[in-house]
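See below for the structure under consideration.
Coordinate-derived values only; no laboratory data. Note that the coordinates shown come from a computational prediction; the quantities given were computed from them, not determined experimentally. Because the Cβ atoms are built from the backbone with ideal geometry, glycine has one as well, and the counts that use them run over all protein chains shown.
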């Protein structure tokens, strides 16, 4: 019996060591994916992060694609666990609050060095089949579980609205790590309370109406053909990520040669920078022009959101997703993020003035501005959803999630 017990102990110890090493590799790979994208991650880099050689990593994962898929599957699994816990509460608002609290607790543990980051899911579509199909099925299940936080819908309109709410909630929790680093750990509880206040009650006061004006952003092209080129590139990079969208694929989208690409831009990094600059210029122009129009700050803010969502849902869009920045050099990425932060601060300024005016609910404008950035940034992924209904309805439903809150149904009356 003693001999058997010794064998079992040795086996158990070996299993524990195997799992611990595998978990360390997954954590290092997730960090590499978040910094460089799944396609940019290398076995050598992951091995260096955990103090192993490359051959040791291949003992656990034969191919780089297997390692990336395992990272994404872990993220999906953890999201499902958090959603399952949130679903144990009786009301939609309590469920959403619990899901946010679980995310904030996870980020606090990461800050304290007690946990490691999840791999961001922006590269799922860039994975090869059959892995891509399996991962996308997992993502759809996460989305359905998130939508279920609001309970069963009685009408198609309620299902559509709950779909928008689920998307905005998920994207805001994915966006949290980007801006939460500006807050000390002892401020996390306050951030959670203020963000939940936006989720619960929205930005606009109770008596506000949704009647935005569409801002005219049309302007002449400085270089004929360049706008179409940047649009095609933006769509493809949003879908496949920076490394998944090759120059050849971008050229094929426009039925032009790779030589035409280099007529417009010197290198692929220049392309991403140009696409991102175009998107940020568009947002800044909408904010600036809205400020020239008469009306309250709420009216200006709703007009900006309506205009930008119209771009995201239309053929003349989209705007570049910030996930494309992960493949760029650090200095370039930092410059683009700084520009994005200036745009967020302009939103915060509009809300601060609106609070003083009485046309915006008393909220934390800095936190609310980051929620708006997540909303407009992720709208690209809702194009298919938006195509199933009139454009103005899609814009109103999607914008209402933060304008009126995640639990207010007044928009259904439109």
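General observations
- Cα-based helix-to-principal-axis angle, 188-201 vs the chain, degrees rounded to 10: 50
- Of 147, 361, 345, the one that fluctuates the most in a GNM where the chain has Cα springs shorter than 10 Å: 345
- Gaussian network model of the chain, Cα within-10 Å springs - most flexible of 239, 189, 128: 128
- Relative contact order of the stretch 266-367, pairs being alpha-carbon contacts under 8 Å that are 6 or more residues apart, as %: 34
- Here the alpha carbons of the stretch 2-152 define both size measures, Rg and Dmax, at 18.0, 57 Å.
- Projected label points at residue 55 and residue 296, each 7 Å from Cα along the beta carbon direction, are separated by 7.1 nanometres.
- The stretch 20-55-the stretch 270-297 distance, computed between alpha-carbon centres (Å): 37
- Of 203, 81, 33, the one that fluctuates the most in a GNM where the chain has Cα springs shorter than 10 Å: 81
- Compared with the dominant Cα axis of the chain, that is its longest principal axis, helix 297-313 is turned about 60°.
- Dividing the radius of gyration of the alpha carbons in the stretch 286-397 by their Kirkwood radius gives 0.99 for Rg/Rh.
- Acute angle (nearest 10 degrees) that the helix 365-378 long axis makes with the longest principal axis of the chain, alpha-carbon atoms: 80
- Ellipsoid fit via the Cα gyration tensor, the chain: semi-axes of 37, 29, 19 Å, each the root of five times an eigenvalue, largest first.
- Rg and Dmax of the stretch 55-137, based on Cα coordinates, read 15.6, 50 Å.
- Ratio Rg/Rh [Cα only; Rh per Kirkwood] for the stretch 226-413: 1.00
- For the chain, the relative contact order comes to 20 percent (Cα pairs under 8 Å, sequence separation of at least 6).
- Set against the 2.2 N^0.38 Å expectation for a compact globular protein, the stretch 169-218 has a Cα radius of gyration ratio of 1.57.
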